[in-house]
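These notes concern the structure reproduced below.
The values are calculated or read from the model by the stated rules, or taken from the named source; none is laboratory data. Fair warning: this is a prediction, and the values are worked out from it, not measured in the lab. Backbone-built Cβ (ideal geometry, glycine too); neighbour counts: all protein chains shown. Remember, those area values only see protein heavy atoms, side chains included, never the ligands or the DNA or RNA. Shrake-Rupley method; radii C 1.70, N 1.55, O 1.52, S 1.80 Å.
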Amino acid sequence: MSSRVLDVSATEVSTDAMRAPDAAGRFGRFGGRYLPEALMPAAKAVEAAFREAWSDAAFTTEYRRLLATYVGRPTPLTECARLSEALGVRVLLKREDLAHTGSHKINNVLGQALLAQRMGKRKLIAETGAGQHGVATATAAALLGLACTVYMGQTDVRRQELNVFRMELLGAEVVPVTSANGVGTLKEATNGALRAWVNETENAHYCVGSTMGPHPYPWMVREFQRVIGDEARAQCADRLPTAVPDVVVACVGGGSNAAGTFAGFVDTPARLVGVEAAGGSAVDKGKLGVLHGFMSHFLQDDDSQVLEAHSISAGLDYPGVGPEHVHLASIGRVHYTSVTDEQAMRALKLVTRTEGILPALESAHALAWVVDAAATGELPAGSTVLVTLSGRGDKDIHQIREHLR
Amino acid sequence: MSVAVATLEHHLRAARADGRRLLIPYVMAGVVPDWLDLVRGAAEAGADAIEIGLPFSDPMLDGPTVQQAAALATGRGARPRPLLDSLAGLDVGVPLVVMTYANVAMTLTPERGVGGFVDYLAAVGVRGVIVPDLPLEESAEYLARASEAEVAAVLLAAPSCDDERCREIAQASSGFVYCMSSMRITGERADLATTARETARRLKGMTDLPVVTGFGISTVAHAVEACADADGVVVGSAFMRMLVDGAPVAEVVDAVAAFRRALSSAGG
């Protein structure tokens, strides 16, 4: 194992325009590490291990080997001829739905699972909403021979039963989380996972599923996901006469696929657009607060109680958003907007019929913005738009059917 | 030393100087309609200070019982501001210490952040504050304001803290040092964790502040055992479970009195 430790200046160079957070884990004023004392040593150990691993060629070589031979990277860039014709803009999809386990989540999870192994942990703890992160975590645990417990809101356990079965088949334990005043979605699953981490810090690594949580998670998860943006950037350079698209779009729940995508384009002239669910648009409608170990924008009432987000997509019903996204919004580099369940569902049908690709409900939000922005002229005719298709819609098939009935 | 800090710290130090083992019951504010009677009753039953929890939707460190207590409170419409307002003028003869999470502390007065929260506590006569998810690294503003507002900022130390960290926490803390008995969220347990006495002993070797052990102190036997090293105990879930199960406040007051008797007859 390398003894080299990445210092902050080296990190800033390696992460280019979306820089590493400051020493306190902040992007601007957002982020930080708001944890009970019992978890502070564990979070610091994760940071130290990540800094060391990320500068260790042996680690990154193994990570990239798994991405290539297990995940199936690079994922392709698909030119959407019929959709482009229908919208009057050129649409390219970054196909994370074709990654092993069906979403971008595996990129981050493999990185964290390797890190857990390096730290001598024998178990992964994860939270999941839609189940994509849970499936990815259970998969990585099976691959590396680690135990795995996934916390999932009771409501999501019901509406994502296929993914629950997949996780169990992979050998993971799925723990339904309920609370007396909750509705059984991702927020409660995260509470459950954090409490489990307090109880099991010695043996377990908490494998956070998005660019949220205490430092170093928002940064670390973005670094594990930046492969999406880096690949797409290189693929666009090969494909487009302008080298970069005019607009880059990604859906935002916690914000990991968006952070990974934007990291590849933040230093280009491309306009960057993050699309939240209307019932969970924390960047715009959220208020400054602290939840799950980090400072960001959260949906909350006037009495400091965090509200449940509502979305047809279990992956977008988190009441907060990763701290770096709020920072990117505050400095005006990324434009955040939201679309309704109806808009997402219309886009999902359109893309499925024109391209033969069934997107995940999360990704359908990003596509919905493209569809509507093309119609209103916000996307000028002839624009080139890159959309990250973060996952495939198979997992959502029951809900899609219910909605369309 | 400021008046209010002196009040909490002097109160606890004076009790300790008398050879008394400190007893700090935890009461979730608003858990039952007559929760203020429990605060009064607990003081009369021999509590040395009372920890008052403000309900929060996402309590990271709390186990099922305290979560249920919070849900009962919020279900009855209990909200942080009115709950704090109801403490104004409540003179029970022992200091009140408010515990809540960082989001409540930061957003109670959104324009003034954590400093505004501390001022609010001072205005209603609260003598101490515990915000478990404001660790040392995030608490400079909070600690400074608490010192100015004369509200003791009680920090938690956990078994996972190394000696250097324990020392830093003990130095920054005021009122007392809260010793987490184990690496577990709150809740009753069969035995006192083996880490409880060891962590308290380490802290005692580093500070003259009272060291009070909490988390999982479920029985009078646990309390007595923990006090072999610590100066006192916080008891939360054991009392809150009684209320969650429907026991009247008087019964909980009796339970507080039983802890008091046990600690006193054990030489405290």
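Is there a residue in segment B:138-154 that is touching an Asp or Glu at 6+ places or on another chain (Cβ under 9 Å), within 11 Å of chain A (Cβ to nearest Cβ) and either open to solvent by 20 Å² or more (accessible area, probe 1.4 Å) or at pLDDT below 95 (or both)?
There is no residue in segment B:138-154 that is touching an Asp or Glu at 6+ places or on another chain (Cβ under 9 Å), within 11 Å of chain A (Cβ to nearest Cβ) and either open to solvent by 20 Å² or more (accessible area, probe 1.4 Å) or at pLDDT below 95 (or both).
Please give the number of the condition residue B:209 fails out of (1) under 19 Å from residue B:12 (Cβ atoms); (2) surrounded by fewer than 21 Cβ atoms within 10 Å (Cβ to Cβ); (3) modelled with pLDDT of 95 or more; (4) not β-branched (Val, Ile, Thr).
Among (1) under 19 Å from residue B:12 (Cβ atoms); (2) surrounded by fewer than 21 Cβ atoms within 10 Å (Cβ to Cβ); (3) modelled with pLDDT of 95 or more; (4) not β-branched (Val, Ile, Thr), the lone unmet condition for residue B:209 is (2).
Going residue by residue through segment B:211-219, is there one that turns out to be more than 14 Å from every other protein chain (Cβ to nearest Cβ) and in contact (Cβ under 8 Å) with a residue 60 or more places away in the chain?
Scanning segment B:211-219 turns up at least one residue that is more than 14 Å from every other protein chain (Cβ to nearest Cβ) and in contact (Cβ under 8 Å) with a residue 60 or more places away in the chain.
If residue B:107 passes every condition in (1) open to solvent by 10 Å² or more (accessible area, probe 1.4 Å); (2) touching a residue at least 24 places away in the same chain (Cβ under 8 Å); (3) of a type in the set (S, T, N, Q) but one, which one does it miss?
(2)
What are the residues in segment A:123-162 that are at pLDDT 90 or above, open to solvent by 40 Å² or more (accessible area, probe 1.4 Å) and assigned to a helix (DSSP H, G or I), if any?
A:142, A:143, A:154
Any residue at all in segment B:53-71 that's more than 14 Å from chain A (Cβ to nearest Cβ), hydrophobic (A, V, I, L, M, F, W, C), at negative phi and in contact with a strand residue (DSSP E or B) (Cβ under 7 Å, 6 or more places away or on another chain)?
Checked segment B:53-71: no residue is more than 14 Å from chain A (Cβ to nearest Cβ), hydrophobic (A, V, I, L, M, F, W, C), at negative phi and in contact with a strand residue (DSSP E or B) (Cβ under 7 Å, 6 or more places away or on another chain).
Taking the options B:170, B:102, name whichever one is open to solvent by less than 10 Å² (accessible area, probe 1.4 Å) and within 11 Å of chain A (Cβ to nearest Cβ).
B:102
Name the single residue, out of those in segment B:105-124 being part of a loop (DSSP other than H, G, I, E, B) and either in contact with a Pro (Cβ under 9 Å, 6 or more places away or on another chain) or over 21 Å from residue B:30 (Cβ atoms) (or both), that is farthest from the other protein chains (Cβ to nearest Cβ).
B:112
Evaluate the following for residue B:186: is it in a helix (DSSP H, G or I), within 14 Å of another protein chain (Cβ to nearest Cβ), touching a residue at least 24 places away in the same chain (Cβ under 8 Å) and among the hydroxyl-bearing types (Ser, Thr, Tyr)?
No.
Could you list, in sequence order, all residues of segment A:49-80 that are closer than 26 Å to residue A:370 by Cα and either open to solvent by less than 30 Å² (accessible area, probe 1.4 Å) or in contact with a Lys or Arg (Cβ under 9 Å, 6 or more places away or on another chain) (or both)?
Hits for segment A:49-80 are A:73, A:75, A:76, A:77, A:78, A:79, A:80.
How do the helices (runs of 4 or more DSSP H) wholly within segment A:195-312 filter down when requiring 2 or more residues that are over 24 Å from residue A:345 (Cβ atoms): which remain?
A:217-239, A:256-263
Is it the case, given these coordinates, that residue B:76 is out of contact with any Ser or Thr (no Cβ under 6 Å at 6 or more places or on another chain), open to solvent by 20 Å² or more (accessible area, probe 1.4 Å) and within 14 Å of chain A (Cβ to nearest Cβ)?
yes
How many residues does segment B:41-71 hold that are more than 17 Å from residue B:259 (Cβ to Cβ), surrounded by fewer than 21 Cβ atoms within 10 Å (Cβ to Cβ) and at pLDDT 95 or above?
Residues that pass the stated criteria total 0.
Go through segment A:197-230 and give me each residue that's over 23 Å from residue A:272 (Cβ atoms) and open to solvent by 10 Å² or more (accessible area, probe 1.4 Å).
Scanning segment A:197-230 gives A:199, A:200, A:201, A:202, A:203.
Spot the failing condition for residue A:165; the list is (1) surrounded by 17 or more Cβ atoms within 10 Å (Cβ to Cβ); (2) in a helix (DSSP H, G or I), and only one is missed.
(1)
If residue A:333 satisfies all but one of (1) of a type in the set (D, E, K, R); (2) without any contact (Cβ under 8 Å) to a residue 60 or more places away in the chain; (3) farther than 19 Å from residue A:130 by Cβ, what's the number of the condition it fails?
(2)
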